[in-house]
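The values are calculated or read from the model by the stated rules, or taken from the named source; none is laboratory data. These numbers come from a predicted model, not from an experiment. Positions of Cβ are generated from backbone atoms using ideal geometry, with glycine treated the same way; all protein chains shown enter the neighbour counts. Heads up: the accessible areas ignore ligands, DNA and RNA and are worked out on the full protein's heavy atoms, side chains in. Shrake-Rupley method; radii C 1.70, N 1.55, O 1.52, S 1.80 Å.
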Amino acid sequence: GCVRPGDLAGFYYPTLNRIGHVGIIVSVHEKYFVTCEGNTNGGGSRDGDGVYLKKRTKRQTRYVSNWIDEE
């Protein structure tokens, strides 16, 4: 479906063979999403020191869940 602000983005890590990090979609652009992610850093680590806005390509964002409309 359509990805919207407020949806949850999951980032798959092949080394873990699972989703290893999540973020909330803040804005949607043609080739990327802006996400709000906790436990990260300026370098993009999934084990970080704070909450950051990140620019993620659509290819990096493997799973998006529509939590807004689910009941």
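Over the chain, with every protein chain in place, what whole percent of the accessible area is carbon and sulfur at 1.4 Å, could you tell me?
Numbers: 2500 of 4830 Å².
For the chain, the apolar C and S fraction of the accessible surface comes to 52 percent.
Mind checking the per residue accessible area of the chain for me, 1.4 Å probe, whole number of Å²? Present the calculation step by step, with values, prior to reporting the outcome.
Working: 4830 Å² over 71 residues.
Value for the chain: 68 Å² per residue.
What FRET efficiency comes out for Cys2 versus Asp47 if R0 is 35 angstrom and r is the Cβ-Cβ distance? Round to the nearest 0.05. Before the final figure, lay out each step's value.
Details: r = 32 Å, r/R0 = 0.90.
The pair Cys2/Asp47 has a calculated efficiency of 0.65.
Which net charge results when you count Lys and Arg as +1 and Asp and Glu as -1 among the other residues whose beta-carbon is under 13 Å from that of Ile24? Kindly include the intermediate steps, with their values, before the conclusion.
Details: positive: Arg4, Lys54, Arg56; negative: Asp7, Glu37.
Value of the local net charge: +1.
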